[in-house]
């Protein structure tokens, strides 16, 4: 592996330390990835036969090629060090690799915590270092402008987020915008001979395009989640089962599915929107800000009127909610977001009237901040 060429050659077989699997006894030595937890190629098969004898679900060991592992880790603070620099970017010193300048700036200064582990990874032909730092809880606290303000959000493909305040934030659709370049790169890859250097170059090109899409999507979600956590102390969202939502419609030979290509396109759009990543970031960021993310069951949130509670059945193609009982006319997603907010407040033990008390209304500046993030 290319990563191993950058490491010092050990003078002998590294002995394993008792109590920590995969960590050499020599201080500062990296932990290299291996196919099994104990470093032996027989390890997965030993576990396989153990599960067979015990009557458990065996799970035949999966083949892992050399291209599967592109990282190595330092499981303890020995062997590497972060060198802070006043007014300049910090530096990372790794034994036998030298000093590397760090780009960017962490939200919380590394010096306020205790660095624990370091993972060096090759991603899209570039090297990244991930540092795990143990911070005191107070150091991770985020700012929150409106701790009493609550909002319900409805996630969708057309509008990524529709809020109970009436805001409609469009989805960036990063994958759709890069689909033309991806198709061309994948066609070029399919024409290359397997095992050739040209095929490896084409593979790296496809990987770079996918990496760019992933980075842009992740950056957008970080900005949006930070803005929402700053503006609201309680965020209500649907507890979506994304794995079930993106299940294929192909069916079986006996019962073939219908509209398979249309469902595949919808699945691609759902995964491109990254509902799960947005909810994950909202959960931990709200906790750091002293707020809360409350997830509720999505059943009937878009069918029930948020004003009078009347059930108004409608197809997915109908994008406007029109209630025959009270006459409310509202965007379908905003109506769902209001229902989600009511359910979240009930689950959190709060009254809906608390949201509309004086001092909790959102300012124009706060609204502009939310739209700037999107």
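Quick note: the coordinates plus some simple rules give every number you see, no bench work behind them. Everything numeric in this text was worked out from a predicted model, so none of it was measured. FYI the Cβ positions are ideal-geometry reconstructions off the backbone, even for glycines, and counts take in every protein chain you see.
Peptides 199-205, 169-175 ranked from most to least packed, by the mean per-residue count of other Cβ atoms within 10 Å: 169-175, 199-205. Peptides 223-233, 242-252, ordered by how many other C-beta atoms sit within 10 Å of their residues on average, highest first, read 223-233, 242-252.
In plain terms, the residue of 222, 321 with the fewest other Cβ atoms within 10 Å comes first and the most crowded comes last, giving 222, 321. For the peptides 149-162, 55-68, the ranking by mean Cβ contacts within 10 Å, running from highest to lowest, is 149-162, 55-68.
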